[in-house]
Amino acid sequence: MTGNEAMAEAAIRAGCRAYFGYPITPQNEILEYMAGHIPAVGGAFIQAESEIAAINMCYGASAAGVRTMTSSSSPGISLKMEGISYLAGADLPCVIINVARGGPGLGNIAPAQGDYFQATKGGGHGDYRMIVLGPATIAEAIELVMLAFDLADKYRVPVMVLSDGMLGQMMEPIMLPEPVDPTLLPAKPWALSGARGRDPNVVTSYFIDPGDLNRINTQRQSRYHQIEENEIRYRETETSDATIIIVAYGAVARIARTVVVMARSQGIKLGLVQPITLWPFPYAPLRALSSQVNTILTVEMSAGQMVEDVRLAVADRAKTPFYGELGGLVPTPKDILREVKRNVS
Amino acid sequence: MATLWTGISMEESFVFAGFGGQGVILTGKLLAQAGADYGLQVTWLPSYGPEMRGGTANCTVILSNEPIGSPVVDNPTALVAMNLPSLDRFEKTVAKAGTILINSSLVARPTERDDVRVLNVPANDIAVSLGNSQAANMVALGAIIKATGIISLELIKSTMVRMLSHKDSANLIAVNQQALEAGYSAL
């Protein structure tokens, strides 16, 4: 199973029963897998007329109380940004997978991490936040797709799984989790499930009175604050005695795991921190580590986006160099080790 | 933790490269699946550019008895070069004391490396002699598993039968089985 197929299967097992998508490389296998498999569990599959239509179909399905997902790759995700803002404004849960590729513009179809700002800082308009999860392996991708549905429902927010072309296209052995029975999930009393015998529910992001919008937005911000309190996830590797640490997420994080082994065999005390939630970002753990080490090296397949969050966490307590590859080039273990050595000497 | 059938604890990384249509992507998948069937850690990473028949294609397969971090490899321990552009591109990257398998039916030049083991296998000629030139990839796979000793012939055969069974062609499976055996015996 490729990473793309595994993420699609994980969504079905998480209880997703409405998937809407539009083809774009390198995420087509998600669409293809959903077309083949979601009808068998009574779910809906629609190949929409555009990415914009697909995300707005998610809005409708989510308002009706169904676990719903769309997926695309970078240029298509840009088109979905308006819809994501509306989902956030209407407090609707939804899972969005971005199998990111080279950009800006049409870019290319190779793996890239240039969509970090868009995902974590709000590519759509308004005061909203989106939980962003960054898997490094296919096993993590499955786990995080399952988690994404739970978090989306729990906090009534859109959640993005920020993957990339490498993870989407590669294969490795996996264990699939037991499927969730969607009928046993917590009830959604806010959903548009038919108003017979009760007052109608309203799902909207439109509040013409500034006082009303102020109140709604303030309530939403307090939920975002709860997410920051409760949901930060990250993984540390060999950090306890480290003098230099790499911070990397997604595909780069797994490449960096190999670099840790290589560096340690050469006597370099290298550790690794992999942020798993990119929003909320693990500022506090990095802040804690920053007084223990000399250098925190951020590695990304971008010109330097997550490094801004790393520098916010670390301030001037350690050196914070950056190494990035652009345009869809994937750094190899040797490339990263070279940068580690440059910063050690 | 699994040990290899040869009893050695190790990691092998393979690059399979050739023209689109030569079956290098399937060959890599088959090796990765056989490794997983054997209980090894494996990764399979394809090139996925806008390749088409006649273009170039390659994939990287790692088999290990340790968890695999990077699926991207600087220096593969084995290269299967099914055509000249593949040899040109990957020859220099192969690890010292690694293995280069050259499909000598299509590649006329020898390798420039003297620090690796070189296997010249006329994969297409052998496949043609078996009645199907498209089985050249299986000839090469049979040869490289013997050279590296990482997976047994029986295992790769049984994995192939399972992976191709949906194709519903006993003849196809028989030809591929013969090709794997012929490659294995060619060394």
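Some notes on this structure:
- Annotation: A:Phe207 carries an accessible surface of approximately 60 Å², with a 1.4 Å probe and no ligand, DNA or RNA atoms counted.
- With contacts taken as Cα pairs under 8 Å and at least 6 residues apart, region B:11-185 reaches a relative contact order of 20 percent.
- Shielding by partners - mean other protein chain Cβ count within 10 Å, residues of A:249-256: 2
- At R0 = 56 Å, FRET efficiency that the Cβ-Cβ distance of A:Asn230 and B:Ser158 yields, to 0.05: 0.70
- Helix-only [θ]222 nm of chain A, DSSP H runs n ≥ 4, -39500 (n - 2.57) each, per residue, nearest 500: -13000 deg cm²/dmol
- Shielding value for A:163-176 is 4, the average number of Cβ atoms from other chains within 10 Å of each residue's Cβ.
- Charge context of B:Leu141, other residues only, Cβ under 12 angstrom, K/R +1, D/E -1: +2
- GNM on chain A, alpha-carbon springs under 10 angstrom: the most fluctuating residue among A:Ala315, A:Ala88, A:Ala35 is A:Ala315.
- The apolar share of the surface of region A:207-268, taken as the fraction of accessible area on carbon and sulfur atoms (1.4 Å probe, ligands and nucleic acids excluded), comes to 49 percent.
- Computed [θ] at 222 nm, deg cm²/dmol, chain B (DSSP H ≥ 4; -39,500 (n - 2.57); rounded to nearest 500): -11500 deg cm²/dmol
- Interface area, chains A and B: about 1500 Å² of buried accessible surface, summed, with a 1.4 Å probe and ligands, DNA and RNA left out.
- If R0 is 30 Å, the Cβ-Cβ spacing of B:Asn75 and A:Glu178 corresponds to a FRET efficiency of close to 0.15.
- Per residue of peptide B:62-71, the mean number of Cβ atoms on other chains within 10 Å of the residue Cβ is 5.
- Cβ charges +1 (Lys, Arg) and -1 (Asp, Glu), total dipole of the protein assembly as shown, debye: 360 debye
- Label point at A:Leu329 placed 7 Å out along Cα→Cβ; residues across region A:286-322 whose backbone nitrogen lies under 15 Å: A:300-304
- Summary of packing: across the peptides A:164-172, A:59-67, the per-residue average of other C-beta atoms within 10 Å ranks them, highest first, as A:164-172, A:59-67.
- Whether region B:11-185 is rounded, prolate or oblate, judged on the alpha carbon gyration tensor where a/c under 1.5 counts as rounded: rounded
- For chain B, carbon and sulfur atoms together expose 53% of the accessible surface, with a 1.4 angstrom probe and every protein chain in place.
- Rolling a 1.4 Å probe over the protein heavy atoms gives region B:11-185 an accessible area of 40 Å² per residue.
- Ranking A:Ile255, B:Ile126, A:Ile232 by solvent-accessible area of protein heavy atoms (1.4 Å probe, all protein chains present), from largest to smallest, gives A:Ile232, B:Ile126, A:Ile255.
- Heavy-atom SASA rank of A:Glu51, B:Glu154 (probe 1.4 Å, accessible area, largest first): B:Glu154, A:Glu51
- Low-density loop positions, trypsin sites (Lys or Arg not before Pro), region B:95-173 - DSSP coil, at most 16 other Cβ in 10 Å: B:Lys96, B:Arg113
The values are calculated or read from the model by the stated rules, or taken from the named source; none is laboratory data. The shown structure was predicted, so the numbers you read here are calculated from the model rather than taken from an experiment. With ideal geometry, Cβ positions are generated from the backbone for all residues, glycine too; neighbour counts draw on all protein chains shown. Note: accessible area is taken over every heavy atom of the protein model, side chains too, but ligands, DNA and RNA are not part of it. Shrake-Rupley method; radii C 1.70, N 1.55, O 1.52, S 1.80 Å.
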